[in-house]
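*Asks:* Have a look at this one.
The values are calculated or read from the model by the stated rules, or taken from the named source; none is laboratory data. None of the values given here were measured: they were computed from a predicted structure. Please note: Cβ atoms are built from the backbone with ideal geometry, for glycine as well, and neighbour counts cover all protein chains shown. Heavy atoms of the whole protein, side chains included, go into the accessibility calculation; ligands, DNA and RNA do not. Shrake-Rupley method; radii C 1.70, N 1.55, O 1.52, S 1.80 Å.
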Amino acid sequence: MTGLKMAVLVSGRGSNLQAIIDGIQAGEINGEIIAVISDKREAYALRRAERAGIRTIVIEESPPEAFQQALLNCLRALGPDLILLAGFMRLLSSSIINSFPGRIMNIHPSLLPSFPGLQAQRQALEYGVKVTGCTVHFVDEGMDTGPVILQEAVPVLEGDDLDSLSERILEAEHRTYVKAVQLFAQGRLEIEGRRVRILPPAPGKEEIV
Ligand code: GRF
């Protein structure tokens, strides 16, 4: 079986990208990252990709339509099996989403549908919830609204501030994203409307969820 070909879209620090790179190197994910694409030349995620010997692409076209078209052209030329959004700070156009149905994932730092959008950890603290967490979901045209693949709960502790809570959620994000990609690579995710069914492992394969 040939491995999954992934493109990862980033805008910033790239710790989730790093978790995926590490998951591949550890043999937990059967696949390879064929390119890391950024809308920001200075994104630290690009340095992580270079360090791992992965092709990097920067797309900086500025009117939004030109950016989306350039990104679509780039993705079509690459032909990935799976596109991962990892701290990518733009919504994707419907042409991009429709070109890769059920093949784009995002990670979000809350238990969706609570606290979509920016600063989810701050929203959780300000609301006063006792449990938050992270969500990996397929991407649809909404903001953080697509079918949920995996979630991990993270308690909000007495004395938590934005940094301490964000840090614990981030650790959960890294675990959860690797697991979700692993499941996709094993062909174990099936979308049925809003629900994502997780199929049992093939005989002889280790269960990971
Ligand atoms: C993460 O919290 C992710 O959930 C959100 O953006 C942040 C990206 O962090 N979508 P990193 O760039 O992966 O370190």
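*Asks:* Go through region 89-113 and report how many residues are within 14 Å of the ligand (Cβ to nearest atom), in contact with a Ser or Thr (Cβ under 9 Å, 6 or more places away or on another chain) and open to solvent by 30 Å² or more (accessible area, probe 1.4 Å). Lay out the reasoning, then the answer.
*Replies:* Taking region 89-113 and keeping what is within 14 Å of the ligand (Cβ to nearest atom), we get 89-92, 104-112.
Subsequent filtering for residues that are in contact with a Ser or Thr (Cβ under 9 Å, 6 or more places away or on another chain) retains 89-90, 106-112.
Those still in the list that are open to solvent by 30 Å² or more (accessible area, probe 1.4 Å) too: 89-90, 111.
Looking only at that region, the number is 3.
*Asks:* So, of the residues in region 117-127 that are touching a residue at least 24 places away in the same chain (Cβ under 8 Å) and more than 11 Å from the ligand (Cβ to nearest atom), which turns out to be surrounded by the fewest Cβ atoms within 10 Å (Cβ to Cβ)?
*Replies:* Filtering region 117-127 for residues that are touching a residue at least 24 places away in the same chain (Cβ under 8 Å) and more than 11 Å from the ligand (Cβ to nearest atom), the one surrounded by the fewest Cβ atoms within 10 Å (Cβ to Cβ) comes out as Arg122.
*Asks:* Collect the residues in region 1-25 that are surrounded by 15 or more Cβ atoms within 10 Å (Cβ to Cβ) and away from the ligand (no atom under 12 Å from the Cβ), keeping them in residue-number order.
*Replies:* Leu4, Lys5, Met6, Ala7, Gly23, Ile24
*Asks:* Further question: What do you reckon, is Glu28 away from the ligand (no atom under 16 Å from the Cβ), assigned to a strand (DSSP E or B) and modelled with pLDDT of 95 or more? Quick ask: steps written out before the conclusion?
*Replies:* Values: away from the ligand (no atom under 16 Å from the Cβ): yes; assigned to a strand (DSSP E or B): no; modelled with pLDDT of 95 or more: yes.
Criteria not met by Glu28.
*Asks:* Which of the residues belonging to region 67-88 are surrounded by fewer than 12 Cβ atoms within 10 Å (Cβ to Cβ) and without any contact (Cβ under 8 Å) to a residue 40 or more places away in the chain?
*Replies:* The answer is Asn73, Ala77.
*Asks:* Name the residues in region 171-209 that are within 16 Å of the ligand (Cβ to nearest atom) and open to solvent by 20 Å² or more (accessible area, probe 1.4 Å), would you? Before the answer, list the steps.
*Replies:* First, pick out the residues of region 171-209 that are within 16 Å of the ligand (Cβ to nearest atom): 171-181.
Listed by number, the residues that qualify are Glu171, His174, Arg175, Lys179.
*Asks:* Which of the residues spanning region 29-55 are open to solvent by 50 Å² or more (accessible area, probe 1.4 Å) and in contact with a helix residue (DSSP H, G or I) (Cβ under 6 Å, 6 or more places away or on another chain)?
*Replies:* Asn30
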